[in-house]
Amino acid sequence: MALNLTYAFGFYDPVVWSLPIGGWSLGIEFVYYLMFPLLMVGLRRRGGRWPLFGAAIVVQVCWIAATIGGPDGYDANAIAYHQVPAFGAYFVVGCLIGLDARAHRPADPFIIALAAWLMLGGCLAALNPAQAGDQLLGYSGQVLPLACVLVVWVSGRARVPARLRPVAVWLGDITYGSYLLHPVLFFGLAWFVLPGDPSTHAQRWWLAAGVALTSCLAAMASERWLESPLRRWGRRWTRDRIGPV
């Protein structure tokens with residue numbers, strides 16, 4: 001319990017020690033947040049950004065190869081894989097994209113971002129693996145991470161039309177909540193509700209669509225009645241004690 005209250009479970013075997021289903025990622029993120037001040041030393045200097053990113057890629061690729069890339073595959077090495085080194089390159093490239101977004105105002109046509117999202121959807125559909133973990137190996141392991149990075153980078157540079165900005169804000173508000181809630185819903189259904197694993201392709205697509213829709217609805221409710229009120233309270237608390245920031 002103490003490890004979960006402090007998020008310290010991210011330092012070692014977060015899949016084992018996390019109480020919430022899918023909560024292992026929060027523990028790993030906590031470790032990166034602790035490391036962030038040290039990473040800023042390299043990220044603030046242009047000459048240090050790409051070497052840092054390159055080192056993170058090397059560590060991540062080697063970790064994947066040594067765990068799920070071994071002869072026993074993903075199922076036997078899932079716990080060993082889900083550790084801090086397996087996600088370092090994602091965190092560093094996110095920092096680089098954030099730095100680029102701060103330096104450039106969104107000016108690219110929105111159609112470019114839309115095309116990038118359609119491309120990513122096509123890649124995900126075409127490279128959807130038959131076995132868990134295969135998306136991180138071989139051709140898929142090269143294409144999908146690059147496609148995801150490209151979509152995030154392009155999206156941050158795109159100029160959203162005024163009529164679509166409320167939709168963009170709404171999607172931003174529910175994105176993280178959906179990310180946190182979908183594994184709880186998926187594994188809850190798979191383990192406790194469904195009589196067995198969906199056997200047909202159509203059943204799997206219906207399950208994915210249902211989980212996605214329910215996750216979005218739950219994230220909307222969380223944003224409206226929990227997260228937004230807490231943010232407003234936090235701003236008032238901060239303003240009353242230390243003034244405007």
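The values are calculated or read from the model by the stated rules, or taken from the named source; none is laboratory data. Bear in mind that the values here come from a model prediction, so they are computed numbers and not experimental data. A quick note on method: Cβ atoms are made from the backbone with ideal geometry, for glycine too, and the neighbour counts reach across all protein chains shown. For the accessible areas, the whole protein counts, side chains as well, though only heavy atoms, and no ligand, DNA or RNA atoms are used. Shrake-Rupley method; radii C 1.70, N 1.55, O 1.52, S 1.80 Å.
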Once the whole set of protein chains is in place, how much accessible area is left on Cys123, using a 1.4 Å probe, in Å² to the nearest 10?
30 Å²
Protein-only accessible surface order, largest first, of Tyr90, Tyr12, Tyr74, Tyr32 at 1.4 Å
Tyr12, Tyr90, Tyr74, Tyr32
About the Cα centre of the chain, how large is the charge dipole given +1 on each Lys and Arg Cβ and -1 on each Asp and Glu Cβ? Please answer in debye to the nearest 20.
1460 debye
Phi-based couplings in Hz for the stretch 160-177 (Karplus 6.51, -1.76, 1.60; Gly and Pro marked x)
7, x, 4, 5, 9, 5, x, 5, 5, 5, 4, 5, x, 5, 9, 4, 5, x
Round to a whole number: what % of the accessible area of the stretch 7-76 belongs to carbon and sulfur, probe 1.4 Å?
69 percent
Put +1 on the Cβ of each Lys and Arg and -1 on the Cβ of each Asp and Glu in the chain; which of Gly70, Leu120, Pro183 then has its Cα farthest toward the positive end of the dipole?
Leu120
When every protein chain stays in place and a 1.4 Å probe is rolled, Asp75, Asp13 sorted by accessible area with the largest first are Asp75, Asp13
What value, in deg cm²/dmol to 500, does the helix sum -39500 (n - 2.57) over DSSP H runs of n ≥ 4 give at 222 nm once divided by the residues of the chain?
-23500 deg cm²/dmol
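Please state the charge dipole magnitude for the stretch 26-107, taken about the Cα centre, from unit charges on C-beta atoms (+1 on K and R, -1 on D and E), reported in debye and rounded to the nearest 20.
Charge dipole of the stretch 26-107: 660 debye, to the nearest 20.
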Euclidean distance of C-alpha centroids, the stretch 93-113 and the stretch 22-45, integer Å
21 Å
Per residue accessible area in Å² of the chain, where ligands, DNA and RNA are left out and the probe is 1.4 Å:
66 Å²
GNM on the chain, Cα springs under 10 Å; top mean-square fluctuation among Arg232, Arg157, Arg102 goes to Arg232
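Considering just Cα atoms, how many Å³ per residue does the convex hull of the chain enclose?
Residue-normalised Cα hull volume stands at 179 Å³.
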Sort the stretch 23-160 into rounded, prolate or oblate with this rule: let a ≥ b ≥ c be the square roots of the eigenvalues of the Cα gyration tensor; rounded if a/c is under 1.5, and if a/c is not under 1.5, prolate when a/b is larger than b/c, oblate otherwise.
oblate
Leu137 accessible area, assembled protein chains, probe 1.4 Å, Å²:
60 Å²
